[in-house]
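Visitor: Structure provided below as structure tokens; questions to follow.
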Amino acid sequence: MADQRAAEPARAKDDDDRTRPASSRVRPGVPDGADGPATADLQTTSGVPKKPIPLGAGEPKTADKADSEPEKSQNPQREVEGEGGKSRPEVEVEGDPDETVVMRLPAAQPKDDPDETMVLKLRPAAADNKPSDDTTIALPPPSGKAATPASPDDTVVLPAPTPTAAPKPTVAPKPAAAPKSAAAPKPTAAPKPGVSDKADKSVKAEKTGKVGAEAGDSVDETMVILSRPADETVALPAALLKPPPADAVTAIIPVVPGRKAGRFTRLIGAPDPGRAPKPARPRREPLDLGHAPAVLTISALGVLMVALAYAGGRVSTGNAQFAYWVGQVVVFTPVVVRLLSRRMAGVAESFLLVMGLALHQYLLKWMYSPDQFRFPDELQHWLASSIIVESGELFQPNPALPPAVHFPGLAEMGAAVTSMTGLPVTAAGVIVAGIAHLVFVAVLFAAVLRASNSPAVAGVCCATYATALHYLFFNSMFLYQTAALPFFMLTIWAVRRWRVEGGREYVALAVGAIALTTVSHHVTAFALVLTLLLLAAAELVVQRPRRWSALIMPAVAAALVAAWIFTVARDVLGYLEAPIDQVQQTISNLLSGREEASSTTAAVSVGQLVVQGTGLLGLFVLYLALVRDMVHRHDRDYWRWAAVVGGAIFFAGNGVRFLGQNGPEIAGRLSTFTYVPISILAAIALVRGVQLIPAKDAEGHRWRAAAPAIDVVAPGGWNLYSRVAAGSAMITLLMIGARAGGWPPLQSILPGPYLAGGFERSVDAYGVDAADWQRRTLGRGNRVGGDVTSVSLASTYGRQDPVREVGPLYYADEWGLAQEQLVAGLYLQYLVVDRRLSEQLPEGEAYFENDPNAGSITRPLSTTQISKFDSLREVDRLYDNGTVRVYRMGAS
């Protein structure tokens with residue numbers, strides 16, 4: 001049997017050498033001891049795997065031979081030249097998506113290469129799959145001619161196979177019963193059809209029939225075949241007929257399109273047979289955790305550093321800020337590096353890393369205030385759960401947050417944990433919020449894993465999403481949005497499974513998750529309807545044929561949300577009307593050139609802008625590179641195209657932060673949903689190595705060249721390290737920017753003493769004691785006004801009816817008719833005054849909700865403005881703990 005191999009390209013020393021035709025190289029023999037059927041392998045430099053061609057199946061059809069002979073004689077460039085020849089075969093990769101291998105045989109070269117040799121390797125084709133003593137190779141004569149004896153000096157020309165139909169060599173096994181004797185005829189190698197008598201274009205043969213050198217020489221041994229008379233045969237020893245090893249592995253290397261003619265992808269050469277083979281990597285078990293435990297141990301050290309920073313912030317230690325930022329990096333960056341390393345054990349390791357990171361970051365939020373809820377929104381939902389525990393009924397009035405009454409999902413879960421365990425509502429709220437946060441991350445991982453089929457993409461997506469502005473605090477607080485997010489993502493996962501696999505169980509799960517989202521949070525329910533509508537529209541636009549059933553789930557979601565809003569939670573429309581009107585008014589002021597003091601936003605430091613801008617710029621570059629790649633590849637995955645639209649909405653939504661006093665808060669809450677698609681796209685770009693600057697194509701065009709989204713060869717060495725370092729640095733910058741520009745504000749990023757208008761930092765023992773006194777002494781339901789913190793504490797701990805529009809009463813230097821009318825119009829009964837408002841500027845750019853001077857306050861309230869209430873005859877001071885005072889308005 002003949003193993004005919006095309007010439008491999010020689011190693012180029014520089015880039016210019018790649019365009020030269022590669023010289024032929026003799027391949028070593030195959031080791032002994034392996035059994036297998038007789039095959040002939042054709043190997044090329046294009047990276048296309050070797051294709052075994054079974055031999056002994058009979059002669060090819062005569063018509064095929066007859067058709068191919070004229071071509072060979074008329075086109076001398078298709079001949080395979082041997083020693084002393086002036087042309088040689090060249091293998092070129094054609095830039096075709098189907099990875100077609102084209103064999104081009106150019107004209108003769110002006111210079112001979114004495115090292116060129118056509119190598120034929122023979123393998124036995126015995127019936128019992130064992131090596132036989134010898135094998136006879138019979139080359140049939142030309143069609144219509146009888147075989148004539150040839151002299152020992154005659155040469156045989158073996159025509160090279162054409163790209164269309166390569167003629168199969170004929171192997172005629174020697175009869176087994178033929179005894180070896182002096183009178184027995186010798187095996188004959190008949191002349192090949194189309195043989196040329198030119199000695200300078202042939203494969204020379206020696207009469208001895210020896211193989212290169214003696215046994216035991218180097219592996220570069222060649223078999224030189226001499227032509228014999230037609231009535232003679234050549235007996236080859238069985239020791240030379242070596243079958244291929246049983247454990248041979250063929251690597252498939254895709255062809256890279258878009259290269260210039262004559263340029264080839266550099267391929268890894270054959271392994272050195274003298275070197276011991278590298279042991280195979282052991283197969284990973286499904287639950288192999290890899291290095292996740294070690295990486296999470298390092299991350300836990302970062303949690304400890306942040307805890308020490310929090311402790312230092314409470315006592316105003318100078319190095320607390322430095323310890324905080326170092327701890328944040330230690331918590332976050334090792335996990336990201338491992339996720340990007342491409343050496344993970346599998347799904348189990350990636351999932352454990354993601355969940356461990358989510359748990360560690362939730363601990364950072366909890367350690368900020370471990371003893372009680374301090375954020376105003378958390379206090380409002382704490383009150384909702386407390387009311388359900390006390391009354392045992394849903395839909396009870398909540399003066400602190402009236403719309404939450406008709407979205408009782410979170411409050412009911414907190415009350416249920418308290419009732420079953422006996423824990424305080426605060427502890428139950430911490431547990432419920434933590435579990436909801438972890439479930440959301442887990443379902444996000446599952447959804448991305450289902451869409452991408454890559455644990456690395458799913459893990460990097462979750463790590464990137466952890467850099468959202470409100471991820472660390474707002475999205476993991478005891479808020480009704482936190483309870484709705486897991487059901488939001490569960491709906492997306494179930495819809496994905498239903499559209500891909502079908503099944504009524506996924507439809508039922510999706511409908512149930514939609515219902516739970518609807519009764520948990522209004523904004524999340526609206527976002528869910530829009531998300532499902534976007535997915536359905538993307539499917540209808542991209543997929544062919546169109547499946548109109550994609551509109552079923554958006555219609556169901558819209559119907560459920562509309563039914564709940566218009567039949568149960570009608571007051572939510574008025575609740576959402578105020579912030580929407582504020583954004584519209586701010587946009588109108590910007591377009592008309594007007595500017596109001598209340599629309600001014602807080603000043604941001606240059607360093608904070610640089611960090612946030614660099615991270616967003618990195619995301620934008622990855623976004624553009626991936627979109628360009630999808631366009632050139634004609635991507636038909638409608639989920640990715642829906643993510644592209646969602647990413648565009650994310651970048652547009654970042655401009656909302658500059659619209660008015662509540663702009664940053666609105667932009668942050670909007671990013672809770674729009675950050676999911678941009679995280680998916682960034683993960684795909686980082687893990688699959690999308691080219692940021694593509695190579696030029698054959699026409700010299702760079703940006704119109706189609707580049708593959710996935711690496712042709714997995715990166716290694718410095719290439720891999722640079723990619724991991726760049727990706728980790730970008731995600732870490734995003735995390736730092738989110739912590740600096742997210743919540744809590746940068747000035748309140750560490751717990752510490754009281755700060756006026758500092759939300760969590762404004763809650764201390766003085767304010768809580770005053771609120772408890774109001775509940776015990778004044779009773780519930782009284783109309784109480786004050787600054788942001790005083791109103792929050794009075795409405796939750798004090799169970800009072802809050803009045804938030806009392807800013808003009810504090811800013812007035814004198815008490816007059818306007819102030820009395822305002823008190824009467826607000827039905828104000830009690831006023832809480834914190835004397836520290838005259839000592840500090842507000843951290844949140846405002847002392848009061850709906851503050852008329854928001855964003856333009858340059859000095860604290862004066863002592864005269866704070867103390868004027870003590871001199872009014874119609875105002876009585878009922879409570880004073882040295883810092884906080886409570887006045888009764890309109891006393892008789």
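Visitor: Under the definition of Cα pairs under 8 Å and six or more residues apart, what whole-number percent is the relative contact order of region 794-883?
Guide: Relative contact order here is 32 percent.
Visitor: If you count, for each residue, the other Cβ atoms within 10 Å and average over each peptide, how do 365-373, 617-625, 725-733, 855-863 line up from highest to lowest?
Guide: 725-733, 617-625, 365-373, 855-863
Visitor: Could you list which residues have their amide H under 5 Å from that of E849, counting only those 5 or more apart in sequence or on another chain, with H placed in the peptide plane?
Guide: V788
Visitor: Quick one: what Rg and Dmax do you get for region 308-377 from the alpha carbons, in Å?
Guide: 15.4, 45
Visitor: Figure the gain on full extension for R547 and T777 (residue separation times 0.36 nm, minus the Cα-Cα span) and round it to one decimal in nm.
Guide: That works out to 76.3 nm of additional length.
Visitor: Distance in nm between label sites at D571 and L423, each 7 Å beyond Cα in the beta-carbon direction?
Guide: Going by the 7 Å Cα→Cβ label model, 2.9 nm.
Visitor: Run through all the Cα pairs of region 825-892 and give the fraction in each 5 Å bin from 0, expressed as whole percent.
Guide: 3, 15, 22, 24, 19, 13, 3, 0
Visitor: Hey, another quick one. By how many nm would the segment from D371 to T864 grow when fully extended, if each residue of separation counts as 0.36 nm and the alpha-carbon distance is taken off?
Guide: Roughly 173.9 nm would be gained on extension.
Visitor: As an exercise, find the ratio Rg/Rh for region 407-524 from alpha-carbon atoms, using the Kirkwood inverse-distance average for Rh.
Guide: That ratio is 1.01, to two decimals.
Read-outs: derived from the displayed coordinates by stated rules, not from any lab. On a predicted model such as this, the values are computed, not experimentally measured, just so you know. Ideal geometry is used to build each Cβ from the backbone, glycine not excepted, and the neighbour counts take in all protein chains shown.
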